[in-house]
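What follows is one structure encoded as structure tokens, with my remarks underneath.
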Amino acid sequence: MPRRSVRRHATTFETAGRFAATIGRHPREFVALIVATIAIAAIITNALVFQKGPHPAPIFATRLLFKHDAALPPRSQAVQPGPAAEAGGQAKLIANIQRELSRKGFYDGPSDGIWGAKTDAAVREFIHASGSKTNPEASDGLLRAITASNLKPANAVASNVAPDPIAKLIAPSKRVAAVQRALADFGYGQIKPTGVFDPDTRAAIEKFERDRRLPVTGQITDRFVRELAAMTGRPLE
């Protein structure tokens, strides 16, 4: 072998030996250098090959995932009405019923959206006068029936006629009519809710008072009204 070739191989082996000796003296630094070199190479490869969008971007391209997510339409969530909204709608419905009953002459209270004793009595009087089978409860059907009706209460008085004090005393009473209706509904006689206190009404009241162990008066007293309302489960006035 020529001397020049032998010298070249000797130099190569000497350089490799020195490099190996250096690695042996500093193994941690050598490993760190290799890791840093790999990381830099990965970043450069990603920037030049994989990334198509603006920086910053992830190391590994996720273009397909982003396109799939972008193609999905936004989800729409239906808004359910809460209890407050439902209560407001019911109050508005009751106020409209009160307003229509007032226009027809069956109700003389405020249109406050509260289903009280006056509203209940007015609705029942209208249902009885019209012969309707509508339930005495706040509903759109009840409102439509009242709006479409041309009925007037039996005790309505023309506005251009001066009120007669005696006629006012003997005129039908909504309270009496409510009592008569409740007594008839619970089997205390075949009483018609005319609003006029007659002997049949007195007899029915006396029968009710005996059944409930009350003083027998035959009159519509406050105690009688309370007991009757408690039995029927609804206000009478």
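The values are calculated or read from the model by the stated rules, or taken from the named source; none is laboratory data. All values derive from a computational prediction rather than experimental measurement. Virtual Cβ from ideal backbone geometry, glycine too; neighbours counted across all protein chains shown.
Consider only pairs whose beta carbons are under 6 Å apart and that are at least six residues apart or on different chains; among these, list those whose first residue lies in the stretch 105-126 and is under 18 Å from Thr194 (Cβ atoms) and whose second residue is in a helix (DSSP H, G or I) and not charged (D, E, K, R).
Phe106/Ala122; Phe106/Phe126; Ala121/Ala178; Ala122/Leu101
Scan the stretch 181-190 for residues that are surrounded by 20 or more Cβ atoms within 10 Å (Cβ to Cβ) and without any contact (Cβ under 8 Å) to a residue 24 or more places away in the chain and report the count.
Here the count works out to 1.
Tell me the residue from Ala85, Ala10 that is in a helix (DSSP H, G or I) and modelled with pLDDT of 60 or more, please. Break it down into steps so the answer makes sense when it comes.
Values: Ala10 fails: modelled with pLDDT of 60 or more.
Ala85 is the lone residue from the list that is in a helix (DSSP H, G or I) and modelled with pLDDT of 60 or more.
State whether one or more residues within the stretch 61-82 are modelled with pLDDT of 55 or more and part of a helix (DSSP H, G or I).
no
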